[in-house]
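Everything below concerns the one structure shown next.
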């Protein structure tokens, strides 16, 4: 029995070090997430709002008009030490183009994520039909990961 306890402890350590909801991470083909994350923000989404805006800056010639599509997600933090209170999704750009990296602001407790406009319908479908979680992980090597995901869903 004494020999089994250390073995069980050794086997369970990687599981204990893994962040909550780590089963939803994609394969780490580039070995960027080999170490445990230095921080995790995990939010269960309870409310959302959508803002479709347009602005015109009258002091510029010719007068450009810009439009934006944003979604604000609010919810309750789930991970230990999480302070996140909201997520601001900005939909701009096209699929395949470079987007701004995910950023978490401690002061406002806001995670800012950028997605191509083509992902808007997918996100809306998730919000309307499933329990949605937002996850943000930072690593000592400078790598950051952010995602929206559902829990495990049974097929009908």
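The values are calculated or read from the model by the stated rules, or taken from the named source; none is laboratory data. Small disclaimer: the values here were computed from a predicted structure and weren't measured. Counting neighbours? That spans all protein chains shown, and the Cβs are built from the backbone with ideal geometry, glycine included.
Where residues in region 120-130 are surrounded by 12 or more Cβ atoms within 10 Å (Cβ to Cβ) and modelled with pLDDT of 95 or more, which of them is farthest from residue 78 (Cα to Cα)? Looking at residues that are surrounded by 12 or more Cβ atoms within 10 Å (Cβ to Cβ) and modelled with pLDDT of 95 or more, I get 120. Every condition in (1) closer than 30 Å to residue 34 by Cβ; (2) part of a loop (DSSP other than H, G, I, E, B) is met by residue 147 except one, and the failing one is (2).
The set of residues in region 131-156 being farther than 22 Å from residue 88 by Cβ and surrounded by 13 or more Cβ atoms within 10 Å (Cβ to Cβ) consists of 139 alone. Look at residue 155 and say whether it is at pLDDT 95 or above, farther than 21 Å from residue 20 by Cβ and more than 14 Å from the chain's Cα centre (by Cα). Answer is no for this residue. Looking across 31, 49, one residue alone is modelled with pLDDT of 90 or more and surrounded by fewer than 11 Cβ atoms within 10 Å (Cβ to Cβ). It is 49. Under the condition of being assigned to a helix (DSSP H, G or I) and touching a residue at least 24 places away in the same chain (Cβ under 8 Å), which residue from region 125-144 is nearest to residue 70 (Cα to Cα)? Selected residue: 127.
The strands (runs of 3 or more DSSP E) found entirely in region 45-120 that carry 3 or more residues being under 28 Å from residue 20 (Cβ atoms) and in contact with a strand residue (DSSP E or B) (Cβ under 6 Å, 6 or more places away or on another chain) are 65-77, 86-91, 110-115.
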